[in-house]
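Written out below as structure tokens is the structure these notes cover.
The values are calculated or read from the model by the stated rules, or taken from the named source; none is laboratory data. A quick note: this is a predicted structure, and the numbers were derived from the prediction, not measured. So basically every Cβ, Gly included, is an ideal-geometry build from the backbone, and we count neighbours across all protein chains shown. Please note that ligands, DNA and RNA were not included when accessible areas were found on the heavy atoms of the full protein model with its side chains. Shrake-Rupley method; radii C 1.70, N 1.55, O 1.52, S 1.80 Å.
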Amino acid sequence: MDKDADPIFAAGRPASWPADDGGEETRAMPRRGRSLLSSSLVGATNRGRVLQTLFDLGPTSRVELARQAGVNRTTISGIVQPLLDQQLLVEGKPTSAREGGGKPARPLWFSPEARPICGVLLMPGSIRTALVTLEGRIRVEHEASLPTAAEQRAELIEGIAACIGRTLAAAHRPPLGIGIAVGGMVDTGRRAVVMVNLAPALDDVPLGTELGRRFNLPVMLDHHPRALLVGDRWFGKGRGVRDFAVVYTGEVLGGALYLDGHLHRGPGGAGGELGHTFVQIDGELCRCGRRGCWDTVATLGWLRRQARAAGLEDPDAIDARRLAGLAAAGVPEAAALMDRYARNVAVGIANLQQTVAPNFFILHGDVVGGGPAMIEAITGHARRLVPPHPGGQMVFATGEPEDRAALLGAAGLVLSDLLRFPL
């Protein structure tokens, strides 16, 4: 990192931790446990945990941070003072003094002058980039078209780099890194795109390596639904929640799981392909080549085919928002189709809940456009499909508007890495 680096990030990233230095024989032996942390890494980890607590609680005083961490106020002051000096944090106005005397508390929060993160969203046909502050505000945005044909690969990489470059140029301080949400399969270990069904130019592109070389910044890359979850975890309704799931609907269906405080990725990022779990044996042919995937009955393609069969006007333009409007206007075919759509979404959610029991679900994408009526229909069907169980009923919430949520999530990928938060 450059000389302007904040101390929280100065000790390096987890991926660059030094190897053991015990000689060739030691290095050749398989490890049976985790390596011990050096004193510098312990300090960086503790700073990261303090910042994680701020993200979860919002503006918080030193006294409360000390209580949460189980340490004294002096220890917390020693951690946060360098962050104040580097303008990563700022102190708010004093609150009222506590009963029994003592200084009024001054809540700590993220400074608007802190170094931002560049968030990137790559979807078929579109590149979106933004500067995201550490408090979750989007300051600058740019958009460009994304070439999709396989022979346009060089043009694609140049286009992505140009859009990122315009956004980075607007930063008042050097950004902390670049986070990328991709609407397709990725290999998180290689920081590479594996396949995007609707944009083959992205297939097998080592995008993280290429952009890291060009911009000399850390680059993190992940699947679009997982990025949505990361955005919810840092900046949205998943703050402070240890178990929840994200479900995204639209042209495709995807999801992600946050279990016991950790994002489930699977080896190389292969986990979480929820759209291709089976909901109907020998059902419709999926774009993946198999039959009966959840994706075949709960996406816009299915909805528009059913709208055409039901005789709804302009079926190729139908989505949850328009469908809910028609149902509210008293169109019986629309009301029936909306209920089927909600049930099809709920079937996959019920399977997910029965398997790993995330009682809190955050919905993104098309179904959010259907408003409260659609969310209530999904909630009702899901609760009827799942028998009573310990842990209480499922609760549903809606996330930020789609593009904003994905850009925040892309920034959150960088944040998680730099804070040593093991997503």
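Looking at (1) under 14 Å from residue 122 (Cβ atoms); (2) in a strand (DSSP E or B), can you tell me which one residue 256 breaks?
Result: residue 256 fails condition (1) only.
Any idea how many residues of region 137-156 are over 16 Å from residue 123 (Cβ atoms) and under 23 Å from the mean Cα position of the chain (by Cα)?
Residues flagged as over 16 Å from residue 123 (Cβ atoms) and under 23 Å from the mean Cα position of the chain (by Cα) within region 137-156 amount to 4.
Testing residue 240 on (1) open to solvent by 40 Å² or more (accessible area, probe 1.4 Å); (2) in contact (Cβ under 8 Å) with a residue 40 or more places away in the chain; (3) touching a Gly at 6+ places or on another chain (Cβ under 8 Å), one condition comes back false. Which one is that?
(3)
Quick check on region 310-335: of everything there that is assigned to a loop (DSSP other than H, G, I, E, B) and in contact (Cβ under 8 Å) with a residue 12 or more places away in the chain, which residue is farthest from residue 300 (Cα to Cα)?
Step by step, filter region 310-335, then rank; the result is 331.
Specify the residue that is surrounded by the most Cβ atoms within 10 Å (Cβ to Cβ); the eligible residues are those in region 160-215 that are closer than 14 Å to residue 117 by Cα and under 17 Å from the mean Cα position of the chain (by Cα).
Checked region 160-215; the qualifying residue surrounded by the most Cβ atoms within 10 Å (Cβ to Cβ) is 181.
From the set of residues in region 114-125 that are assigned to a loop (DSSP other than H, G, I, E, B) and at pLDDT 85 or above, which is surrounded by the most Cβ atoms within 10 Å (Cβ to Cβ)?
Ranking the candidates gives 116 first.
May I ask you to verify whether residue 265 is open to solvent by 10 Å² or more (accessible area, probe 1.4 Å) and assigned to a loop (DSSP other than H, G, I, E, B)?
Values: open to solvent by 10 Å² or more (accessible area, probe 1.4 Å): yes; assigned to a loop (DSSP other than H, G, I, E, B): yes.
When the stated conditions are applied, residue 265 passes them.
Looking only at region 312-324, count how many residues are buried (at least 17 other Cβ atoms within 10 Å of the Cβ) and closer than 11 Å to residue 373 by Cα.
3
A quick yes/no check of all residues on (1) touching a Leu at 6+ places or on another chain (Cβ under 7 Å); (2) hydroxyl-bearing (Ser, Thr, Tyr); (3) in a helix (DSSP H, G or I):
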| position | (1), (2), (3) |
| --- | --- |
| 338 | yes, no, yes |
| 342 | no, no, yes |
| 346 | yes, no, yes |
| 364 | yes, no, no |
| 367 | no, no, yes |
| 372 | no, no, yes |
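Within region 54-97, track down each residue that is open to solvent by less than 20 Å² (accessible area, probe 1.4 Å) and in a helix (DSSP H, G or I).
Result: 54, 55, 65, 66, 76, 80, 83.
Filter region 271-309 down to the residues that are free of Cβ contacts under 8 Å to residues at least 12 places away in the same chain, within 30 Å of residue 191 (Cβ to Cβ) and either of a type in the set (Ser, Thr, Tyr) or open to solvent by 40 Å² or more (accessible area, probe 1.4 Å) (or both) and list them by number.
Residue satisfying the conditions is 289 alone.
Identify, from the list 414, 386, the residue that is open to solvent by less than 30 Å² (accessible area, probe 1.4 Å), within 11 Å of the chain's Cα centre (by Cα) and at pLDDT 85 or above.
Just a single option satisfies the conditions, and that option is 414.
Could you run through region 389-403 and say how many residues are in a loop (DSSP other than H, G, I, E, B), modelled with pLDDT of 85 or more, within 16 Å of residue 350 (Cβ to Cβ) and open to solvent by less than 60 Å² (accessible area, probe 1.4 Å)?
1
Is there any pair linking a residue in region 181-209 that is among the polar types (S, T, N, Q) to one that is surrounded by fewer than 17 Cβ atoms within 10 Å (Cβ to Cβ), with Cβ under 7 Å and at least six apart or on different chains, and which?
Qualifying pairs under 7 Å: 188/268; 197/287.
Suppose we keep only residues that are of a type in the set (Val, Ile, Thr) and under 15 Å from residue 294 (Cα atoms) within region 325-356. Which one would you say is surrounded by the fewest Cβ atoms within 10 Å (Cβ to Cβ)?
Result: 347.
Any residue at all in region 248-260 that is surrounded by fewer than 19 Cβ atoms within 10 Å (Cβ to Cβ) and within 23 Å of residue 195 (Cβ to Cβ)?
From region 248-260, those surrounded by fewer than 19 Cβ atoms within 10 Å (Cβ to Cβ) are 251, 259-260; that's our starting set.
Now restrict to residues that are within 23 Å of residue 195 (Cβ to Cβ): 251.
Yes, there is a match, as at least one residue in region 248-260 is surrounded by fewer than 19 Cβ atoms within 10 Å (Cβ to Cβ) and within 23 Å of residue 195 (Cβ to Cβ).
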